[in-house]
1. Residue by residue through the range 104-144, note down the ones that are among the charged types (D, E, K, R) and in contact with a Ser or Thr (Cβ under 6 Å, 6 or more places away or on another chain).
2. Name the residues in the range 79-135 that are surrounded by fewer than 19 Cβ atoms within 10 Å (Cβ to Cβ) and of a type outside the set (D, E, K, R), would you?
3. Across the range 243-293, what is the total count of residues that are under 16 Å from the mean Cα position of the chain (by Cα) and either among the aliphatic types (A, V, I, L, M) or buried (at least 22 other Cβ atoms within 10 Å of the Cβ) (or both)?
4. Count, please, the residues in the range 192-225 that happen to be part of a helix (DSSP H, G or I), surrounded by fewer than 22 Cβ atoms within 10 Å (Cβ to Cβ) and either among the charged types (D, E, K, R) or in contact (Cβ under 8 Å) with a residue 24 or more places away in the chain (or both).
5. Restricting attention to the range 226-240, report how many residues are surrounded by fewer than 24 Cβ atoms within 10 Å (Cβ to Cβ) and closer than 24 Å to Phe85 by Cβ.
6. For residues in the range 164-177 being within 19 Å of Arg142 (Cβ to Cβ) and within 26 Å of the chain's Cα centre (by Cα), which is surrounded by the most Cβ atoms within 10 Å (Cβ to Cβ)?
7. Considering each residue of the range 83-95, count those that are more than 26 Å from Leu124 (Cα to Cα) and part of a loop (DSSP other than H, G, I, E, B), and give that number.
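Only the coordinates and a few stated rules stand behind these numbers; no lab work does. Small disclaimer: the values here were computed from a predicted structure and weren't measured. No Cβ is skipped: glycine too gets one built from the backbone with ideal geometry, and neighbour counts run over all protein chains shown.
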Amino acid sequence: MNTPSRRATLAWLGFVLALGLPTGLSAAGPLPYPWIAPTSVVPRTLESALRPPEGFKRVPCAPGSFCAWLRGLPLKPAGTGVFFFDGKPKKSRVVHAAVVDLDVGKTDLQQCADAIIRLRAEYLWAAGRAAEIDFSLTNGTRVPWTRWAAGDRLKVKGRAVEWTTGGSVDATHDAFRAYLDFIFTYAGSESLQADLPARKPADVQPGDVLVQGGTPGHAVLILDVARDESGTTLLLIGQSFMPAQDFHVLTNLKHSTLSPWYHADALEMSGLETPEWRPFHADDLHGWLDPRK
């Protein structure tokens, strides 16, 4: 029931989230990575550790954009392996070039599409745009963070869902992580593909997604884009996988001298082949509908 007091609560939360107050973010300086405690130590970042091949330059990024935020992602020390949610190591060490310093959780939830949703949501939180966090479940139900923070919850029975009231009114990052775990449970590659509009390969940009929805399906995140003077485009690609595991930058097993970068034109030819999935094609490319990117 949308009572006057409830409408007031929603209005207040909308105001707080729109200002970005839960993030503790100031307007100046680079955006933070909310799951990591602030430190004076300069981290090893995606941008500093994984440079484009000679003759290529990263495409321009606007300050505060998703693109710029992805380039600043903190990486674990060189040589770190990928670990599953239960702490067990992934046996193959040839599929990753670097591991992002992002917690994976204690349960088998943060898989491929989930990790992409996590990164996009954490960026919006860090950017003071938490009111824009809104994802679909596989059945198409939209689940905005503002509604969850106001105490609404979804009762799930099969593919049917129903909004209920009575949850805690909480806009903290801990509550946000609980919200994301709920999304991970009932969303996936199929819902992510439905949420994101198609993108033409010629317009590819950092933050775009290659996704093949299904059960199972798979999704990978284009972490960065570089070009040379002739217009040849290279992509840096990251993924989580099944079972839930550390988000990692993929090696290019087909072109060791180019690795970890990939030729974008493969999307329109035989397909862009990553180490653990079938090739991605041009119609698998999708992007966030966000003019600020």
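1. Within the range 104-144, the subset among the charged types (D, E, K, R) is 106, 108, 114, 118, 120, 122, 129, 132, 134, 142.
If the condition is that a residue be among the charged types (D, E, K, R) and in contact with a Ser or Thr (Cβ under 6 Å, 6 or more places away or on another chain), then Arg142 is the only one that fits.
2. Selection gives Gly79, Thr80, Gly81, Phe83, Phe84, Gly87, Pro89, Ser92, Val94, Val95, Gly105, Thr107.
3. Adding up the residues that qualify gives 9.
4. In the first step, residues of the range 192-225 are kept if they are part of a helix (DSSP H, G or I); the result is 192-195, 201-203.
Then keep just the ones that are surrounded by fewer than 22 Cβ atoms within 10 Å (Cβ to Cβ); that gives 193-195, 201-203.
Subsequent filtering for residues that are either among the charged types (D, E, K, R) or in contact (Cβ under 8 Å) with a residue 24 or more places away in the chain (or both) retains 193-195, 201, 203.
Here the count works out to 5.
5. The first filter runs over the range 226-240 and keeps only residues surrounded by fewer than 24 Cβ atoms within 10 Å (Cβ to Cβ), leaving 226-234, 237.
Now drop any that are not closer than 24 Å to Phe85 by Cβ, which leaves 237.
Selection size over the range 226-240: 1.
6. Filtering the range 164-177 for residues that are within 19 Å of Arg142 (Cβ to Cβ) and within 26 Å of the chain's Cα centre (by Cα), the one surrounded by the most Cβ atoms within 10 Å (Cβ to Cβ) comes out as Phe176.
7. Residues meeting the conditions: 9.
Residue-wise test of (1) within 20 Å of the chain's Cα centre (by Cα); (2) under 27 Å from Ile183 (Cβ atoms); (3) not in a loop (DSSP other than H, G, I, E, B).
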| position | (1), (2), (3) |
| --- | --- |
| Pro63 | yes, no, no |
| Ala68 | yes, yes, yes |
| Gly79 | no, no, no |
| Ala97 | yes, no, yes |
| Lys106 | yes, yes, no |
